[in-house]
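For reference, the structure is listed below as structure tokens.
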Amino acid sequence: MCGRLSQYDGIHDFVAALSMANPLINNTGDHRFERYNTAPTTQLAIFHQEGEYLHADMVRWGWRPHWAKDRAAPINARVEKVAHGPFFRAIWPHRAIIAINNWFEWVDEGGPKKQPYLIRRRDRSPILCAAIGQYPNAEHEPSEHDGFVIITADSAGGMVDIHDRRPVVLSPELAREWLDPATPKERAEQMVLLQGESTEAFEWFKVDCAIGNVRNQGAELIEPLLKNKTI
């Protein structure tokens, strides 16, 4: 996962995709996010469950523990290590879901620039990505140290490029279980290791290289690249 995604629907579209009946505490607003080209450190909408309430908050993409001041904040966490490594130990219990519309990968196809691809669900529904983080809750006030990371898995050569990784995407049923504070940590680990959505759930296509500039925004960035357009 190359660190670029789209989150352009509104929070109520994402709640509908999650199909969660819990009362919502929404701190993200009711408007569409209209973020077609989102890079790390951006504030993005995430879901987390506190008791019986589903919370939606804007949280920075990227997190590091307070003692890791000598390195940049990672944006992703490898599913193979996230549950047991020391780096994410403090936030492993704090499970979240980030609902996105698509993400992007760049592939070296021999041209002067790497070719960007957009990846989305075949049915166009929101993508429910497993995440963990530090965010406001009953025991934690908003802080400059808040942030989240997306859990990623090896794509096993099945998507776009043999070297890429992809978000661990959960079905709505599993996403609700992931969010539930009552779900044991061991069960949560098995979910992200073994039960992420398969490659067959997704499709991908080339998009314009304009997506490479984070200043570029707009729905045209997620349109398939015209075959007769020069890269």
Exercise. So how compact is the chain: Cα radius of gyration and Dmax in angstrom?
Worked result: 17.2, 55
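Tell me, what is the percent relative contact order of region 4-222, built from C-alpha pairs under 8 Å that lie six or more residues apart?
22
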Exercise. Going toward the positive end of the dipole of the chain, with +1 on Lys and Arg Cβ and -1 on Asp and Glu Cβ, which of Tyr53, Ala77, Leu128 do you reach last?
Worked result: Ala77
Seminar exercise, completed: In whole angstrom, the spacing between the Cα centers of region 123-195 and region 1-66 equals 12
Exercise. Using Cα pairs under 8 angstrom and six or more residues apart, how large is the relative contact order of region 1-131, in percent?
Worked result: 26
Problem set entry | For peptides 56-63, 198-205, 126-133, 25-32, sequence by mean Cβ density within 10 Å, most packed first | 126-133, 56-63, 198-205, 25-32
For this session: Please list the non-local residues whose amide H lies under 5 Å from the amide H of Ile132, H modeled 1.01 Å from N, same-chain partners needing a gap of 5 or more.
Result: Ala96, Val149, Ile151
Exercise. Where does the Debye-calculated log10 I(q)/I(0) of region 112-231 sit at q = 0.13, 0.14, 0.15, 0.19 Å⁻¹, using only Cα point scatterers of equal weight, no solvent?
Worked result: -0.70, -0.79, -0.87, -1.16
For this session: Straight distance only, please: which aspartates and glutamates reach the Cα of Lys206 with their own Cα at less than 13 Å, same-chain residues fewer than 8 apart left out?
Result: Glu105, Asp108, Glu109, Asp161, Glu220, Glu223
For this session: Quote to one decimal, in nm, the extra length available between Glu220 and Arg122 on full extension: 0.36 nm per residue of separation minus the C-alpha distance between them.
Result: 33.4 nm
Exercise. Hey, what do the phi angles of region 47-61 turn into as Karplus ³J(HN,Hα) couplings, whole Hz, using 6.51/-1.76/1.60 and θ = phi - 60°, x for Gly and Pro?
Worked result: 9, 8, 10, 10, x, 8, 9, 8, 9, 10, 10, 8, 9, 5, 7
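Where does each of 78-84, 14-20, 217-223, 149-155 land if you order them by average Cβ count within 10 Å, highest first?
Ranking, from highest mean packing down: 149-155, 14-20, 78-84, 217-223.
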For this session: Putting +1 on Lys and Arg Cβ atoms and -1 on Asp and Glu Cβ atoms, find which of Trp63, Leu194, Gln115 reaches farthest to the positive end of the dipole of the chain.
Result: Gln115
For this session: Calculate one ³J(HN,Hα) per residue across region 184-196 by plugging θ = phi - 60° into the Karplus curve 6.51 cos²θ - 1.76 cosθ + 1.60, and present them in order as whole Hz with x for glycine and proline.
Result: x, 4, 5, 5, 4, 4, 5, 4, 6, 6, 10, 10, x
Problem set entry | Pairwise label distance in nanometres, His66 with Lys81, each label 7 Å out on the Cα-Cβ vector | 2.4
Problem set entry | Solvent-accessible area, 1.4 Å probe, carbon plus sulfur percent, for the chain | 49
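Roughly how many Å² is the accessible area per residue of the chain, as a whole number, for a 1.4 Å probe?
50
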Exercise. Can you list residues whose amide H is under 5 Å from Gln49's amide H, if they're 5+ apart or on another chain and H is modeled 1.01 Å from N?
Worked result: His55
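The values are calculated or read from the model by the stated rules, or taken from the named source; none is laboratory data. Small disclaimer: the values here were computed from a predicted structure and weren't measured. Using ideal geometry, Cβ is built from the backbone for each residue, glycine included, and neighbour counts are taken over all protein chains shown. Ligands, DNA and RNA are stripped out before the accessible areas are found, and what is left, the full protein with its side chains, is counted by its heavy atoms. Shrake-Rupley method; radii C 1.70, N 1.55, O 1.52, S 1.80 Å.
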